[in-house]
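Below: the structure, in structure tokens.
The values are calculated or read from the model by the stated rules, or taken from the named source; none is laboratory data. Fair warning: this is a prediction, and the values are worked out from it, not measured in the lab. Cβ placement follows ideal geometry from the backbone for every residue including glycine, while neighbour counts extend to all protein chains displayed.
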């Protein structure tokens, strides 16, 4: 038994269109599909009972998929975990043109946790520049840019 690769990451969202504005329009991920499903097998996998889910899948370069789920049934309740809360997560995307991307995110009204990217001064990540941005539902997304060689 072994893990082969990361297949997908799923985020539960309040509004598919608002999430697509962030993930597709602001970050440039390509939409692979979108729809609404009611599947018994999905209900059993999730373990929540009867579900009706609006979904969208986006391609993360390198072969991973970002799955957005909006639960139409049962309806969920928003949470806003902080990075220090046990159980909170973040997704890290490696990007080019980090400063330009951060500027575009700010112009579009998205919130970053620091005003500008921070350069990592030592260790395995020395020279990488990173910033956290919050998606429309409060999920933390780390944007990182590798040092220029």
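Residue 59 meets all of the listed conditions (1) out of contact with any helix residue (DSSP H, G or I) (no Cβ under 9 Å at 6 or more places or on another chain); (2) outside the structural domain of residue 28 (by TED's automatic domain parsing) but one, namely (2). Any chance you could count how many residues in the stretch 42-82 are surrounded by 15 or more Cβ atoms within 10 Å (Cβ to Cβ) and assigned to a loop (DSSP other than H, G, I, E, B)? Result for the stretch 42-82: 1.
Considered as a group, the residues in the stretch 130-148 that are touching a helix residue (DSSP H, G or I) at 6+ places or on another chain (Cβ under 7 Å) and assigned to a strand (DSSP E or B) include one that is nearest to residue 109 (Cα to Cα), and that residue is 133.
Within the stretch 20-30, one or more residues are at pLDDT 95 or above and in a strand (DSSP E or B). Selection of the stretch 83-127 for residues being over 15 Å from residue 143 (Cβ atoms) and either touching a strand residue (DSSP E or B) at 6+ places or on another chain (Cβ under 6 Å) or surrounded by fewer than 13 Cβ atoms within 10 Å (Cβ to Cβ) (or both) yields 84, 85, 86, 87, 89, 107, 109, 121, 122, 123, 124, 126.
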